[in-house]
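Where a number appears in this text, it was derived from the coordinates with a stated rule and is not lab data. None of these values were measured; they are calculated from a predicted model. Using ideal geometry, Cβ is built from the backbone for each residue, glycine included, and neighbour counts are taken over all protein chains shown.
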Amino acid sequence: MNTNQKALVLGATGGVGGEVARLLVQRGWQVIALTRNEKAMSEQPDGINWVAGDAMNQRQVIDAAAGTSLIVHAVNPPGYLDWEKLVLPMIDNTIVAARQAGARVLLPGTVYNYGPDVFPDLDEASAQFPISKKGKIRAELERRLEKASRNGVPALIVRAGDFFGPRVANSWFSQGLVTPGKAISSIQYPGQQGIGHQWAYLPDVAETMVRLVEHADKLKNFETFHMQGHWDADGTQIAAAIARAAGKPELKASGFPWMVLRVLALFKPTLKELFELRYLWKTPLRMHNAKLLKVLGEEPHTPLDRAIQVTLQGLKCI
């Protein structure tokens, strides 16, 4: 594997990819970002070298990855559209490019891979029996990475709870709990009081990923790590932190309109897939980070109130 500090980031216009790309630049990496976004290419922000290309085009991915030691695979189809057509071909292209470049693949993992049979406590060895369409696709994606790692392509997967952060536009936090661009007047919460839920502040996730890459000498060819993030033990703490940041500590969260979503899902397949993930809000799910601590000694962790304040400022809610 290459040991230079040159990385290709797929999905750098998104929340996870963008956060990791900017952090790599700060750490002295040369970062290339493949994008179809002409505006991103013209602006060249944050020291990232944007090049035209599509993660679905294997030749373009191979060319962009030439000379790299790391490929950050943070690309996802927008929303819930066409996952079965796009997700697996994109990871296949990344694997081919990584093999030719001698690069490690870094993947932001998900909890969709897990079914409720292994809840409430998860570690990296927990069995994966996904019950949703997205979960089955993500589990297959990881299987392909593991297979590739046995054939000379190192892979690193980092899983965390539901993301929130100042640049995260597509998340339960920014699309469910609050409304970006609007002052906080109400809070919707998808879960139930008394049911614990795990959250992850995206800058902490990016910092964890980059630190693991910096400790590559301690990693096997295929590694998965779980983050502890922010554990909301009773389903009220995140909403309470939002209320405090908004200067309205008396504000309480209302329920999420799951039944309305269920009816709409009869007419929109994408909403059906979203409804399939409801089980993640009905049962506590907590990931443990003992393995991560053995490698890093600590987990990057921004205090909850500070993380929520910065997030709401970035979303222009306060």
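With R₀ set to 41 Å, the beta-carbon distance separating GLU298 from ASP117 gives a calculated FRET efficiency near 0.85.
On full extension, the segment bounded by LYS39 and LYS182 gains 48.9 nm, given 0.36 nm per residue less the C-alpha separation. Extension gain, ASP305 to GLN100: 0.36 nm times the residue separation minus the Cα-Cα distance gives 69.4 nm.
Which order do the peptides 183-189, 161-167 take when ranked by the mean count of other beta-carbon atoms within 10 Å per residue, highest first?
Descending packing order for the listed peptides: 161-167, 183-189.
Placing a label point 7 Å from the Cα of ASN151 along the Cα-to-Cβ direction, the residues of the range 205-238 with a backbone N closer than 19 Å are 221-223.
Dividing the alpha-carbon radius of gyration of the range 185-318 by 2.2 N^0.38 Å (N being the number of residues), what value is obtained?
1.24
Pairs LYS39/LYS182; LYS39/LYS218; LYS39/LYS136: which are spaced more than 32 Å apart, C-alpha to C-alpha? Correct reply: LYS39/LYS218; LYS39/LYS136. Extents of the range 201-250, taken as max minus min of Cα coordinates on every principal axis and listed largest first, are 50, 20, 10 Å.
So in the chain, what percent of DSSP beta bridges are antiparallel if you round to the nearest 5? Here the share of antiparallel DSSP bridges comes out near 10 percent.
For the range 123-232, the convex hull drawn through the C-alpha positions has a volume of 134 cubic angstrom per residue. Taking the average, over residues, of other Cβ atoms within 10 Å as the packing measure, peptides 113-121, 228-236 rank 228-236, 113-121 from highest down. The coefficient of translational diffusion for the range 96-142, derived via Stokes-Einstein from the alpha carbon Kirkwood radius under 10 °C and 1.306 mPa s, stands at 132 µm²/s. Using every pair of distinct Cα positions in the range 64-117, the Kirkwood expression returns a hydrodynamic radius of 12.5 angstrom.
Each of LEU266, LEU107 was scored by other Cβ atoms within 10 Å of its Cβ. Arranged with the fewest first, they read LEU266, LEU107. Orientation-averaged projection of the range 126-173 equals 4.7 nm² [convex hull of Cα atoms, one quarter of hull surface area].
As a ratio to 2.2 N^0.38 Å, the alpha-carbon radius of gyration computed for the range 161-222 takes the value 1.50. For the range 53-180, the C-alpha radius of gyration sits at 1.12 times the compact-globule guess of 2.2 N^0.38 Å, with N the residue count.
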